[in-house]
Amino acid sequence: IGEIQRFIRDDGTVKVSRSLKETGNKIRRARDELTKSLSRSPTISEIAEALEISTEDVVMAQEASRNPSSIHETVYE
Amino acid sequence: MRNEMHIRFSAVSENESFARVAVAAFLTNVNPTLDELTEIKTVVSEAVTNSIIHGYDHDAEKFIELSAVLEEGKLDIVVRDEGHGISDIPEAMEPLYSSKPELERSGMGFTIMENFMDEVSVESGPGQGTVVRLTKYFAAKKALCN
Amino acid sequence: MRNEMHIRFSAVSENESFARVAVAAFLTNVNPTLDELTEIKTVVSEAVTNSIIHGYDHDAEKFIELSAVLEEGKLDIVVRDEGHGISDIPEAMEPLYSSKPELERSGMGFTIMENFMDEVSVESGPGQGTVVRLTKYFAAKKALCN
Ligand SMILES: Nc1ncnc2c1ncn2[C@@H]1O[C@H](COP(=O)(O)OP(=O)(O)O)[C@@H](O)[C@H]1O
Ligand SMILES: Nc1ncnc2c1ncn2[C@@H]1O[C@H](COP(=O)(O)OP(=O)(O)O)[C@@H](O)[C@H]1O
Ligand SMILES: [Mg+2]
Ligand SMILES: [Mg+2]
C-alpha cells in the first residue's frame, strides 16, 4: 500500500511552483554556506554543482523563491 | 487574456538552454505540473536543436525565432529558422529517420514532438527555412489531473 | 563570440518575472555570481515595470522589447516601449522623483539602474516611447572578485 501511495503522490501532478519553492530554499542555504567558504558570492554553476541540479533549475528556482521585498532590501541595505 | 512572447536569438547551442528556460518562465503564469513543463521544455529543445544543427549547420551568425502564445489554456509554440529547409517532410518526420546519423542523432526529434504535443505541423522546403508549429491544450489536461 | 537575444512580449505585469528569468537564463552562459544575477534581474524589473506602468498605463495589448547582447564580457541590455514617453528626462532620473507617487512608486527605478549598471542612457520624448540602454562589464567585475 505504501508503494501505491507513493505512486499516487508521484503521478506527475506536482505543481512546478511547489517544487521550485522547495529548491529555492535549498539554493538560499547553499548560497549562504558557499558565500562563507568562498568569501564571495558563488557563481550559478557552483550552486548547481553543490546541489547536484542543473543551472536551468537554479535560475528557475531562484526566481520562484524571490521575496517580493528583496528589491528594496538590496537598495537600502 | 492573451499573452505572447517572441524571441529571436543567435543559433548557438548555448542558447538551447536559454530557449528552454524562457519558455518555462513564460509558462509559469499558468502554473503547469512538473511533467507538463518537462515535456514542453523537451519539445522546445528538439525543435531548436534541429534549427541549429540541420537548418544552419551551426552557423552562429544566424538567428532562430521562437514564439509562444497563451490564450485560454491553449499554448502555441512556433520555432522558425531561415536555414536549408527540408525537402521530404513526411520522411523527415518518420521515427528514427535522420539525415545526420553520423552525429549520433537519434532521428526521434519529430516523434518526441508529436508524442508530447497535441498538434505538430511543419512548413519547409529546400532553401526556404523551416517553421515548426506546436500546440498544447493546457486547460483540458489540467481538468483531467484534478 | 557575440551572442544576442531579442524578446517582444505583452505588456502585462505577469511578464515582469518572465523577462527577469529570460535575461538570467541568457546570462547563464557567462556563469555569473548569484549577486550579479540578482542585480541584473532587479534592473530589468525596474525598466520593464516602468514600461508597463508609465509607458503603457497597463494596456495589455501593447508590447515591450527587451534585448540582450553579450560580447567579450560586455552586456548590453535595451528595454524599449512605444508608450507615452518622458518629457523631462533629467527630472525623471532624479532619485525619488515619480510622476505616480499615488501608486506608491518609490521614484527609485532609474537610481537603481544607475547603481547596478556601468552605463545607463535614456532616449524618450512625449508620444515617442522610451528606450533605456543599460551596459555592464562582466569580465572586469569577475576579475575584481577573484
Ligand atoms: N530545422 C530543420 N532544418 C532542416 N532540416 C531539418 C530541420 N528539422 C529537422 N530536419 C530534418 O529532419 C530530420 C529528422 O529530424 P529529427 O526527427 O529531429 O531527427 P534528428 O535531429 O535526430 O536527425 C533531420 O535529420 C533533418 O534532416
Ligand atoms: N518607460 C517609461 N515611459 C514613460 N515614463 C517613464 C518610463 N520610465 C520612467 N518614466 C518616468 O520616469 C519617472 C521615474 O521613474 P522611476 O525612477 O522608475 O520611478 P517610479 O517608477 O517609481 O515612478 C516615472 O515616474 C515616470 O514619470
Ligand atoms: Mg532532432
Ligand atoms: Mg519605476
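The values are calculated or read from the model by the stated rules, or taken from the named source; none is laboratory data. Because the structure is predicted, anything quoted here is derived from the model rather than measured. Counting neighbours? That spans all protein chains shown, and the Cβs are built from the backbone with ideal geometry, glycine included. Keep in mind that these areas ignore ligands, DNA and RNA; they rest on the heavy atoms of the full protein, side chains included. Shrake-Rupley method; radii C 1.70, N 1.55, O 1.52, S 1.80 Å.
Some points to look at:
- Among the residues here, A:Arg18 qualifies as at pLDDT 80 or above, open to solvent by 30 Å² or more (accessible area, probe 1.4 Å), assigned to a helix (DSSP H, G or I) and under 18 Å from B:Ala25 (Cα atoms).
- Subset tally (residues that are hydroxyl-bearing (Ser, Thr, Tyr) and more than 11 Å from chain B (Cβ to nearest Cβ)) for region C:25-38: 2
- Boolean, B:Glu36 is closer than 28 Å to C:Val12 by Cα, open to solvent by less than 50 Å² (accessible area, probe 1.4 Å) and assigned to a helix (DSSP H, G or I): yes
- Positions within region C:88-122 being open to solvent by 80 Å² or more (accessible area, probe 1.4 Å), more than 12 Å from chain A (Cβ to nearest Cβ) and more than 9 Å from ligand 2 (Cβ to nearest atom), in sequence order: C:Pro90, C:Glu102, C:Asp118, C:Glu119
- Within region C:120-132, residues that are farther than 18 Å from C:Lys62 by Cα reach partners that are in a strand (DSSP E or B) with beta carbons closer than 7 Å, at six or more positions or on different chains, in the pairs C:Val120/C:Leu134; C:Ser121/C:Arg133; C:Val122/C:Thr130; C:Val122/C:Val132; C:Glu123/C:Val131.
- Whichever residue in region C:48-59 is away from every other protein chain (no Cβ under 12 Å) and assigned to a helix (DSSP H, G or I) and, among such residues, is nearest to ligand 3 (Cβ to nearest atom): C:Val48
- Looking across C:Asn29, C:Asn50, C:Asn3, one residue alone is at pLDDT 95 or above and over 22 Å from C:Lys100 (Cα atoms). It is C:Asn3.
- Screening the candidates C:Met5, C:Met1 for the property of being touching a strand residue (DSSP E or B) at 6+ places or on another chain (Cβ under 7 Å), of a type outside the set (Phe, Trp, Tyr) and within 13 Å of chain B (Cβ to nearest Cβ) yields one hit, C:Met5.
Condition check ((1) at pLDDT below 95; (2) open to solvent by less than 10 Å² (accessible area, probe 1.4 Å); (3) within 14 Å of chain C (Cβ to nearest Cβ)) across all residues:
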{"residue": "B:Ala19", "(1), (2), (3)": "no, yes, yes"}
{"residue": "B:Val23", "(1), (2), (3)": "no, yes, yes"}
{"residue": "B:Lys41", "(1), (2), (3)": "no, no, yes"}
{"residue": "B:Glu46", "(1), (2), (3)": "no, no, no"}
{"residue": "B:Ala68", "(1), (2), (3)": "no, yes, yes"}
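- Against the test of being over 13 Å from the mean Cα position of the chain (by Cα) and surrounded by fewer than 24 Cβ atoms within 10 Å (Cβ to Cβ), the options B:Met1, B:Met5 yield a single qualifying residue, B:Met1.
- Residues being open to solvent by less than 20 Å² (accessible area, probe 1.4 Å) and in a loop (DSSP other than H, G, I, E, B) - total across region B:74-87: 1
- The set of residues in region B:82-130 being aliphatic (A, V, I, L, M) and more than 14 Å from the chain's Cα centre (by Cα) consists of B:Ile86, B:Ile89, B:Ala92, B:Leu96, B:Leu103.
- Reported count of residues in region C:87-122, each being touching a Leu at 6+ places or on another chain (Cβ under 7 Å) and over 28 Å from C:Leu37 (Cβ atoms), is 0.
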